[in-house]
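Notes follow once the structure below has been shown.
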There are 2 protein chains.
Amino acid sequence: MTPKEFRTYGHQLIDWIADYRVSVADRPVMARTEPGDIKAQLPKQPPIRPEPFADVLADLDSIVLPGLSHWQHPRFFGYFPSNGLLASVLGDYASTGLGVLGLSWQSSPALTEIEEVVTDWMRQMMGLSDAWSGVIQDTASTSTLVALLSARERTTNYSLSRGGLQGEARPLVIYATAHAHSSVDKAALLAGFGRENIHVIPHDESYTMRPGALRARITEDVAAGFAPCAIVCTTGTTTSTAYDPLEQVAPVARDFGLWLHVDAAMAGSAMILPEMRHMWAGIESADSIVINPHKWLGAAFDASLYYVRDPQHLIRVMSTNPSYLRSSVDEKVKNLRDWGLPLGRRFRALKLWFLIREQGVEGLQARLRRDLENAQWLAGQIRATPGWKVLAPVGLQTLCVRHEPGGLTGEALDAYTQGWADRLNRSGAAYLTPAILDGRWMVRISIGAAPTEREHVAALWEAMQNEALPPQEASH
Amino acid sequence: MTPKEFRTYGHQLIDWIADYRVSVADRPVMARTEPGDIKAQLPKQPPIRPEPFADVLADLDSIVLPGLSHWQHPRFFGYFPSNGLLASVLGDYASTGLGVLGLSWQSSPALTEIEEVVTDWMRQMMGLSDAWSGVIQDTASTSTLVALLSARERTTNYSLSRGGLQGEARPLVIYATAHAHSSVDKAALLAGFGRENIHVIPHDESYTMRPGALRARITEDVAAGFAPCAIVCTTGTTTSTAYDPLEQVAPVARDFGLWLHVDAAMAGSAMILPEMRHMWAGIESADSIVINPHKWLGAAFDASLYYVRDPQHLIRVMSTNPSYLRSSVDEKVKNLRDWGLPLGRRFRALKLWFLIREQGVEGLQARLRRDLENAQWLAGQIRATPGWKVLAPVGLQTLCVRHEPGGLTGEALDAYTQGWADRLNRSGAAYLTPAILDGRWMVRISIGAAPTEREHVAALWEAMQNEALPPQEASH
């Protein structure tokens, strides 16, 4: 494809995306497709000869669109939002079109320096002190893996330079509650700690870590010959957006010399609102934080921010220095390859730079406040309606909800809950994801897709009431 | 930004990228910027109010462009190429604009199924049997980390479900040559093996692994109480594109039950040429392979293909299954979150799908053959010129070159080599990256940027001869 053809097809694609963002509201939110439907429409072998590009673009309509669940839909309430605001999309387009890589500062200086600036802007926006240094990773899964690897190496005084984790006498232990995200377990397992050495700390009725239980468990572990290594706290858990009490956990971490990692993947975006910063009071005592602007804030996926207080430690854990990557300015610059797992890096800073400048901090704040108000409004509606329950505190923008028609309990209630959620998703009216809370299925409603206004939340509530008919009525 | 504004600014950006791809040839290849130059042009604080988007776009010209080293430049010969062909760029644009995520099949079925199809197309294009299953990761660093984690868990019979690597009695060992990429060391260290347990196997004069030495070392290690775990072979090393002898290594891996991982990040693209497949003869005996279509092949960064023979093992190592990610079709589909490190995934398959269809297999093959011929042509020119040496076999598209004016040896030769490479880079005429081979600095010339024609290689050769004046002449 020549630049001239790119101009033609590029304009078509821009228009197609613009149309998509407008018309997506008219589509069913969840894909109505069966496993194998999409594959069956594609040739089993690659094309030997070039295909007309118009045919390729046409398949976006005929094959791709019907096979999508639409995350940019105003009635998307599943998982957590993943907003790609259009200014951020254009920032990503600039990155892909330029096609430069940040292996080292020298391999594209602007890539590194604009990343330094925008991660520092974000730091200020969230009210963090200037003791923090940031870098953009792909996802929170990666950021948390980097955090636990860093913790492992601090506790073992850089075992990687010797016999690795397998050379250690005492088993290293990680602490978190059962409400930590699955990526915390995954990171601990991949980092080699082993499942037996992930010690689950009890939580209270608000699903937040009990600091007294944490201290007791660590004390016990030390006596038993373990080497406590890291505590992972969550600001905004996935199930209910609960937040662990950092101010009470931090002294425990300090007293025992443990790494404190804070997973604020979701709620971190809300920290641009001063009135929400109580959620992570005590954050300055942490060693590392992950925040995903590709969730609620609006940066096109993927953009996960990872902040550390001791970048030299991070670099020592992550660095490699082969001759083919060295340059004459290495002593004077940040080489971001030493700040995470991958060597190659996209120019991810552009999508954050474009987003923050086009919205302004105030624009971002206003949208998040709208969503917080919508969540409270919906919680009020649900609490006021007989048979319906809001099961967890609504501290952010996610609700845990259940309809409990008289007489239904236990597994029958589970089946009923999953049934109406499934009917609602299949109806196309909205998309929400059920999950287990206190051993029973309930329905999560995560508000915060960028186009979601009050009217869409009201439509959701109406659809929920329509689908959640008690079993005796549903059978008619 | 409204969809309407997106249309306006999107068209402008498309035109800007089209212009960039044409005019890049007139720019100096390497950024002429000093550390801190870019940062100094940006506000230290984020904007509180929205900025006019025209100002944001204007900064691409005034701030970003002068701070880039241009990877899509016809005279880019550094590192390895990272081609973002324009059809692939548009595939990535579709992905970012749609803004859907592949947490699970259900979260966007087309994302998963098109990835299944294009990874299978690529498998066929490279002549691999249908025993392989593929997935798209971000980079080879990640793919190799996944491979070594998989090896670790196979050798320990899933230690992650028990005490982790720290519960193992015998130290696990990784084998590779000194010419393996730095990401292999990094992956082994991060996976917890420890530097002492990376056993470096001698290479021959072509920089390829000596299978006899490998067998001897493993035998010795077994006797000494180690647990040999994995061998990493390279098809196309970074320094000289050497290729380890898989056919001789595979029996060693089999005899001792070791995992065999093949890093074909660079040369994997060349396997779409049947005449080049001798480079990885024996590949069917491997357990895992990484190939980066975002290098030479032309897929916009990032797109690293990871193939395994036993996907069930990969899933067992990588899977998590929290309630909030489950769906009713999980038994019938691939959930790609269990095929790598991150939970969230972009719709990366689109950029490969667009690329392969727009180019056709023949189109991709023709360009790679052009580059192979250019490399042989340049090697011929250099070999025929007194004082110049080609230092390693030119098996692919990268040359290791040195100008050795009479009398210069040792550190004086190193300083001279780095000097002329640096002058050449600063001249703007070309970009190439020096590296160390056999303990001495030399200059790598990596041919294969998509716009690089014979004329650009000839211009490089002329510039090299202009800059590489012997010291006595250079001082005049």
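The values are calculated or read from the model by the stated rules, or taken from the named source; none is laboratory data. Computed from a predicted model, the values in this text were never measured in an experiment. Here Cβ is always computed from backbone atoms with ideal geometry, including for glycine, and neighbour counts include all displayed protein chains. SASA here: full protein model, heavy atoms, side chains in, ligands and nucleic acids out. Shrake-Rupley method; radii C 1.70, N 1.55, O 1.52, S 1.80 Å.
Scanning region A:44-62 for residues that are within 7 Å of chain B (Cβ to nearest Cβ) and within 20 Å of residue A:12 (Cα to Cα) gives A:50, A:51, A:53, A:56, A:60.
Within region A:416-440, the set of residues being under 24 Å from residue A:207 (Cβ atoms) and part of a helix (DSSP H, G or I) comprises A:416, A:417, A:418, A:420, A:421.
Listed here are the residues, each with its yes/no results for (1) closer than 25 Å to residue A:139 by Cα; (2) touching a Phe, Trp or Tyr at 6+ places or on another chain (Cβ under 7 Å).
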position	(1), (2)
A:205	no, no
A:208	yes, yes
A:233	yes, no
A:239	yes, yes
A:260	yes, no
A:266	yes, yes
A:289	yes, yes
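Of all residues in region B:132-154, count the ones that are of a type in the set (Ser, Thr, Tyr) and facing chain A (nearest Cβ under 7 Å). Selection size over region B:132-154: 3.
A quick yes/no check of all residues on (1) under 24 Å from residue A:280 (Cβ atoms); (2) touching an Asp or Glu at 6+ places or on another chain (Cβ under 7 Å); (3) polar (S, T, N, Q):
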{"position": "A:39", "(1), (2), (3)": "no, yes, no"}
{"position": "A:50", "(1), (2), (3)": "no, yes, no"}
{"position": "A:59", "(1), (2), (3)": "no, no, no"}
{"position": "A:83", "(1), (2), (3)": "yes, no, yes"}
{"position": "A:104", "(1), (2), (3)": "no, no, yes"}
{"position": "A:122", "(1), (2), (3)": "yes, no, no"}
{"position": "A:138", "(1), (2), (3)": "yes, yes, no"}
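State whether one or more residues within region B:223-231 are touching a strand residue (DSSP E or B) at 6+ places or on another chain (Cβ under 9 Å), more than 30 Å from residue B:390 (Cα to Cα) and open to solvent by 10 Å² or more (accessible area, probe 1.4 Å). There is at least one residue in region B:223-231 that is touching a strand residue (DSSP E or B) at 6+ places or on another chain (Cβ under 9 Å), more than 30 Å from residue B:390 (Cα to Cα) and open to solvent by 10 Å² or more (accessible area, probe 1.4 Å). Could you grab me the full set of residues in region B:84-110 that are in a helix (DSSP H, G or I) and more than 7 Å from chain A (Cβ to nearest Cβ)? Correct list: B:88, B:91, B:95. Just so you know, in region B:289-327 the residues that are assigned to a helix (DSSP H, G or I) and more than 13 Å from every other protein chain (Cβ to nearest Cβ) include one that is surrounded by the fewest Cβ atoms within 10 Å (Cβ to Cβ), and it is B:312. Among the residues of region A:106-123, those that are surrounded by fewer than 24 Cβ atoms within 10 Å (Cβ to Cβ) and in contact with a Lys or Arg (Cβ under 7 Å, 6 or more places away or on another chain) comprise A:116, A:117. Looking for something in a helix (DSSP H, G or I), more than 9 Å from chain B (Cβ to nearest Cβ) and under 27 Å from residue A:238 (Cβ atoms) - is there at least one such residue anywhere in region A:331-346? There is at least one residue in region A:331-346 that is in a helix (DSSP H, G or I), more than 9 Å from chain B (Cβ to nearest Cβ) and under 27 Å from residue A:238 (Cβ atoms). Can you find, within region A:111-130, the residue that is farthest from residue B:294 (Cα to Cα) among those that are assigned to a helix (DSSP H, G or I) and of a type in the set (A, V, I, L, M, F, W, C)? The residue in question is A:125.
Within the bounds of region B:272-288, is there any residue that is crowded, with 24+ Cβ neighbours inside 10 Å, among the hydrophobic types (A, V, I, L, M, F, W, C), within 15 Å of the chain's Cα centre (by Cα) and at negative phi? Within region B:272-288 (the criterion being crowded, with 24+ Cβ neighbours inside 10 Å, among the hydrophobic types (A, V, I, L, M, F, W, C), within 15 Å of the chain's Cα centre (by Cα) and at negative phi), the answer is no, since none of the residues qualifies. Are any of the residues in region A:328-338 under 25 Å from residue A:261 (Cα atoms), open to solvent by 10 Å² or more (accessible area, probe 1.4 Å) and modelled with pLDDT of 95 or more? No, the conditions are met nowhere in region A:328-338.
Number of residues in region A:375-415 that are assigned to a helix (DSSP H, G or I), buried (at least 20 other Cβ atoms within 10 Å of the Cβ) and touching a helix residue (DSSP H, G or I) at 6+ places or on another chain (Cβ under 7 Å): the value is 1.
The set of residues from region A:51-78 being open to solvent by 20 Å² or more (accessible area, probe 1.4 Å) and of a type in the set (Ser, Thr, Tyr) comprises just one member, A:62. The helices (runs of 4 or more DSSP H) located wholly in region B:174-278 that include 2 or more residues which are small (Gly, Ala, Ser) and more than 14 Å from chain A (Cβ to nearest Cβ) occupy B:211-223, B:246-256.
When only residues in region A:1-40 that are more than 32 Å from the chain's Cα centre (by Cα) and not aliphatic (A, V, I, L, M) count, which is farthest from residue B:115 (Cα to Cα)? Of everything passing the filter in region A:1-40, A:4 is farthest from residue B:115 (Cα to Cα). Would you pick out the residues in region B:358-374 that are open to solvent by less than 30 Å² (accessible area, probe 1.4 Å) and free of Cβ contacts under 8 Å to residues at least 24 places away in the same chain? Matches in region B:358-374: B:360, B:363.
The combined condition, being more than 20 Å from residue B:156 (Cβ to Cβ), surrounded by fewer than 24 Cβ atoms within 10 Å (Cβ to Cβ), in contact (Cβ under 8 Å) with a residue 60 or more places away in the chain and more than 8 Å from every other protein chain (Cβ to nearest Cβ), is fulfilled by residue A:129. Among the conditions (1) at pLDDT below 95; (2) of a type outside the set (Lys, Arg); (3) out of contact with any Ser or Thr (no Cβ under 9 Å at 6 or more places or on another chain), residue B:433 misses just one, which is (3). Annotation note: Cβ proximity below 7 Å between a residue of region A:107-122 that is under 15 Å from residue A:303 (Cβ atoms) and a residue that is of a type in the set (Phe, Trp, Tyr) (sequence gap 6+ or interchain) occurs for A:111/A:347; A:114/A:353; A:118/A:353. Name the residue, out of A:32, A:21, that is of a type in the set (Lys, Arg) and either surrounded by fewer than 21 Cβ atoms within 10 Å (Cβ to Cβ) or in a loop (DSSP other than H, G, I, E, B) (or both). Selected residue: A:32, the only one of A:32, A:21 that is of a type in the set (Lys, Arg) and either surrounded by fewer than 21 Cβ atoms within 10 Å (Cβ to Cβ) or in a loop (DSSP other than H, G, I, E, B) (or both).
In region B:400-429, the residues that are basic (Lys, Arg) form Cβ pairs under 8 Å with partners that are part of a loop (DSSP other than H, G, I, E, B), at six or more places apart or across chains, as follows: B:402/B:391; B:426/B:30; B:426/B:32.
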